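**Q** Submitted below is the structure of interest, expressed as structure tokens.
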Amino acid sequence: MPPKGWKKASAAAPAKTLVLDNGAYTLKAGLVAASANPSYDDCHVLPNCIARSVRDRRTYVSSELYQCRDFGELAFRRPVEKGFIVNWEAEKAIWEHELLDETAGEGLRCNPKDTNLLLMEKPNCPKELQKNCDEIVFEQFEFRAYYRCVGPILNAYHPPIPPSLSSLPQECLLIIDTSYSDTTILPLYSGQLIQAAVRRLTVGGKLLTNYLKELASLRHYNMMEETYLLNEIKEAVSFVAPSAQQYTTDLERTWKGRLGDKRAIDSSIVVDYVLPDYEGSIHGYARPHDPVQSRMRRGLQPLQGPREDVLPLGNERFAVPELLFRPTDIGIQEAGIPGAIMESLSVLPEAMKAAMLTNIVVVGGNSLIPGFIERLESELRPLVPTEYLLNVSKAEDPIKHNWLGAARFASQPELLKEVLVSKAEYDERGSTWLAKKFSWGER
């Protein structure tokens, strides 16, 4: 069932639709044919950035970053801030490189004049940014037809459990989208976003990486310019403490003590991360903590031959992702994810609230941190009435899940035709009409 208020578009849908989840950290893109059965394998994940190396003086556009062999002091230019496209000069260069030019990968290159575009965005995007987006899609890229919507709402078109042959969206679904820019709580009813219940937390993957940069620079090396490396380290060694009580216990176990009162730290938590030298290795790795080696001074290492730069990581491993549950630890006056969920549900009728709690799906890169789902469920349970069923699940592939929901929607021609706007309609009626038409999918 398409969003309420839609009328059938006059133009027939061409065979291919470019489904594009334009995230702040990565693009998730793929071409979907009518009546196809899309899967995660059809989705291509590409860096959504332009990087400039001060060492080899090269500029890397999106997927060219995979060819980079020295990630030291890379300067990143990201066209998406807080989930919204704010730099179209950079975004156009990325789209052209990855989707339109000869540099486009297999399965992605398309001719916009013969292709639909289904573009996903974050909720509550400023109208001026939406207008800019619509104008560039139709006036510069000249896509044949276009539909812009809040990306996570199309998760409702994933098959329910138990499976059903119906093309209708799931009735009640609560999406927790914890991504690079932020974390959003999105209640969906019959495929429509309940706008009054949307909640947003400023804590996302970007903030976690920046916090880890500050901790590492304060305690060990100056790593404020090593964004790429610190993001790799965060993904490799972070974990979420099982509970707030365990978090406090782990802090105590990894505390070195005061000056003159040194303590032995728990080596079961602390790891040594061997930093890459970008000559013999381009990626680092974690290994068990060795207290003897950690006492060695860098000056005592051999002047010739192999040497290592090791970054010991203790409470950083769990204190950084703890911000998803306790943003107040660094002065952000917001509730954590469990509190934001309950705040979102508080505006819904009781029956709908109960239904939402039975169908919570978590998407986004932060959900891949070990222990995240278990901690979220354990903190939600005391907040939920005992007679209510609580079911929290992580998407099979949290990074591509939004894209796959949109691809399944786009593969159904009867649904797609009802929401697409053709370029001819846009040329006739203009961007103000288009903004109103796309806003009808929200309540």
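**Q** Which numbered condition trips up Met342, out of (1) aliphatic (A, V, I, L, M); (2) out of contact with any Gly (no Cβ under 8 Å at 6 or more places or on another chain); (3) surrounded by 22 or more Cβ atoms within 10 Å (Cβ to Cβ)?
**A** (3)
**Q** Filter the stretch 325-334 for residues that are surrounded by fewer than 22 Cβ atoms within 10 Å (Cβ to Cβ) and in contact (Cβ under 8 Å) with a residue 60 or more places away in the chain and give the result.
**A** Arg326, Ile330, Ile332, Glu334 - these are the residues of the stretch 325-334 that are surrounded by fewer than 22 Cβ atoms within 10 Å (Cβ to Cβ) and in contact (Cβ under 8 Å) with a residue 60 or more places away in the chain.
**Q** Look at the stretch 349-401 and say how many of its residues are over 29 Å from Ser39 (Cβ atoms), open to solvent by 40 Å² or more (accessible area, probe 1.4 Å), free of Cβ contacts under 8 Å to residues at least 40 places away in the same chain and part of a helix (DSSP H, G or I).
**A** So the count comes out to 4.
**Q** When you go through (1) out of contact with any helix residue (DSSP H, G or I) (no Cβ under 7 Å at 6 or more places or on another chain); (2) at pLDDT below 95 one by one for Arg200, which number turns out not to apply?
**A** Arg200 satisfies every listed condition except (2).
**Q** Also, I was wondering about something else. Can we say Glu226 is at pLDDT 90 or above, charged (D, E, K, R) and within 16 Å of the chain's Cα centre (by Cα)?
**A** Numbers: at pLDDT 90 or above: yes; charged (D, E, K, R): yes; within 16 Å of the chain's Cα centre (by Cα): no.
Judged against the criteria, Glu226 is not a match.
**Q** Another question, then. Output the number of residues of the stretch 106-129 satisfying the condition of being open to solvent by less than 40 Å² (accessible area, probe 1.4 Å) and closer than 21 Å to Asp182 by Cβ.
**A** Number of matching residues: 6.
**Q** If you don't mind, another one. Within the set of pairs 6+ apart or on separate chains, which have a first residue in the stretch 222-239 that is open to solvent by less than 40 Å² (accessible area, probe 1.4 Å), a second that is assigned to a helix (DSSP H, G or I) and among the polar types (S, T, N, Q), and C-beta atoms under 6 Å apart?
**A** Close Cβ pairs (under 6 Å, with a partner that is assigned to a helix (DSSP H, G or I) and among the polar types (S, T, N, Q)) amount to Met223/Ser217; Leu230/Thr209; Asn231/Thr209; Lys234/Thr209.
**Q** Please verify whether the stretch 205-216 includes one or more residues that are at pLDDT below 95 and over 22 Å from Glu81 (Cβ atoms).
**A** Within the stretch 205-216 (the criterion being at pLDDT below 95 and over 22 Å from Glu81 (Cβ atoms)), the answer is yes, since at least one residue qualifies.
**Q** Take Ser238 and decide whether it is over 30 Å from Leu119 (Cα atoms), polar (S, T, N, Q) and modelled with pLDDT of 95 or more.
**A** So Ser238 passes the test.
**Q** Can you tell me which residues in the stretch 411-422 are within 20 Å of Ser439 (Cβ to Cβ) and assigned to a helix (DSSP H, G or I)?
**A** Within the stretch 411-422, Leu415, Leu416, Lys417, Glu418, Val419 qualify.
**Q** Please work out which one of (1) within 11 Å of Arg317 (Cα to Cα); (2) open to solvent by less than 50 Å² (accessible area, probe 1.4 Å); (3) of a type in the set (A, V, I, L, M) is the condition Leu251 fails and give its number.
**A** (2)
**Q** Output the residue which, of all residues in the stretch 187-204 that are outside any strand (DSSP E or B) and among the hydroxyl-bearing types (Ser, Thr, Tyr), is most open to solvent (accessible area, probe 1.4 Å).
**A** Filtering the stretch 187-204 for residues outside any strand (DSSP E or B) gives 190-191, 194-198, 202-204.
With the extra rule that they be among the hydroxyl-bearing types (Ser, Thr, Tyr), the set shrinks to 190, 202.
Details: Ser190: 31, Thr202: 52 Å².
Here the answer is Thr202.
The values are calculated or read from the model by the stated rules, or taken from the named source; none is laboratory data. In this text, all values refer to a predicted model and were calculated from it rather than measured experimentally. Don't worry about glycine lacking a Cβ; one is built from the backbone with ideal geometry, like all the others, and counts go over all protein chains shown. In case anyone asks, the SASA skips ligands and DNA or RNA and just uses the protein heavy atoms, side chains included. Shrake-Rupley method; radii C 1.70, N 1.55, O 1.52, S 1.80 Å.
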